Each structure stands twice: as C-alpha cells, then as structure tokens.
Amino acid sequence: MKAEQLIKDLLKQEESGKLEFKEVARKDAIGKTICGFLNNQGGQILIGVTDKKEVKGVDNAEKLQIEIEKYLLKELIPEPPVMVSIENYGNRQLLLIKVWEGAKQPYIFNGSIY
C-alpha cells in the first residue's frame, strides 16, 4: 500500500521543474527531462499518466523498465544517478523514474546539456 500512497501523493501535485507526467514512454523526451533534472535539483517522472493526471498505465512494464534503464545508461554522460521502478496503482502498472541531483554536472544527453 506504500507505493499506491506515493502515487496518490504525486498525483495531488502539479507538474513542475521537479515532477513530470508522461502518458507514453518516448525515450528521447524522457532523456531530455532527466538530463534537465540531473543538472538541477533532481525530480521524478511518472509514466502512464496524462498531463491531466488520468492514470492510463503502461503495457509490458518490466520490458519497458529494462529498455529505459539501458537507454539512459547509454545516452546520458556521465552515468546518471537514476532509478526506474514499477509501481502498481489500482489494477494498472506505472513506471516511476527518480532522478537525484547529479554530482558530476554537467550531464549531457544526445550531445546537448539540458
């Protein structure tokens, strides 16, 4: 129940420089957002939720989690302090990406600093 409460708490907040909702996992958009979080004060991305906070969930959460982790390790330089977890909310699965402020700034994604 702890994870579900975390999601409820996140859904009560508005998107900001530390929180983003993504309905689908577009890796390039996620990479840019994470790079920005790393170069600032960190943040969280909740995947499977619309901008209007409607919980849609993600398909194949385990596969997507692994794909995103590999992608971030490959595309972000230097190696980022990021954790991708699968969170259950009702009967849906969401991905939560926690990003800590990077200790090795600036972080670069796809050749650019965000």
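The values are calculated or read from the model by the stated rules, or taken from the named source; none is laboratory data. Nothing here was measured: the structure is a model prediction, and the numbers come from that model. Reconstructed Cβ throughout: ideal geometry from the backbone, glycine too, with neighbour counts over all protein chains shown. Quick note on the areas: whole protein, heavy atoms, side chains included, nothing else; ligands and nucleic acids left out. Shrake-Rupley method; radii C 1.70, N 1.55, O 1.52, S 1.80 Å.
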>> Residues that are at pLDDT 95 or above, surrounded by 12 or more Cβ atoms within 10 Å (Cβ to Cβ) and touching a Phe, Trp or Tyr at 6+ places or on another chain (Cβ under 7 Å): does region 54-67 have at least one?
In response: yes
> Can you name the residue in region 1-28 that is of a type in the set (A, V, I, L, M) and either open to solvent by 30 Å² or more (accessible area, probe 1.4 Å) or within 10 Å of the chain's Cα centre (by Cα) (or both) and is also farthest from L72 (Cα to Cα) among such residues?
Replying inline: M1
> Is there any pair linking a residue in region 92-114 that is within 14 Å of K18 (Cβ to Cβ) and of a type in the set (A, V, I, L, M, F, W, C) to one that is in a loop (DSSP other than H, G, I, E, B) and open to solvent by less than 70 Å² (accessible area, probe 1.4 Å), with Cβ under 6 Å and at least six apart or on different chains, and which?
Replying inline: V99/G42; W100/G42; W100/P81
> Does region 85-97 contain at least one residue that is at pLDDT 95 or above, under 16 Å from I30 (Cα atoms) and of a type in the set (G, A, S)?
Replying inline: yes
> Given the conditions (1) touching a Lys or Arg at 6+ places or on another chain (Cβ under 6 Å); (2) under 26 Å from Q5 (Cα atoms); (3) not hydroxyl-bearing (S, T, Y), which single one is not true for L64?
Replying inline: (1)
> Is it the case that region 43-52 has a residue that's over 13 Å from the mean Cα position of the chain (by Cα) and farther than 20 Å from A3 by Cα?
Replying inline: yes
>> Of all residues being more than 18 Å from G48 (Cα to Cα) and acidic (D, E) in region 70-102, which is most open to solvent (accessible area, probe 1.4 Å)? Just the residue, please.
In response: E79
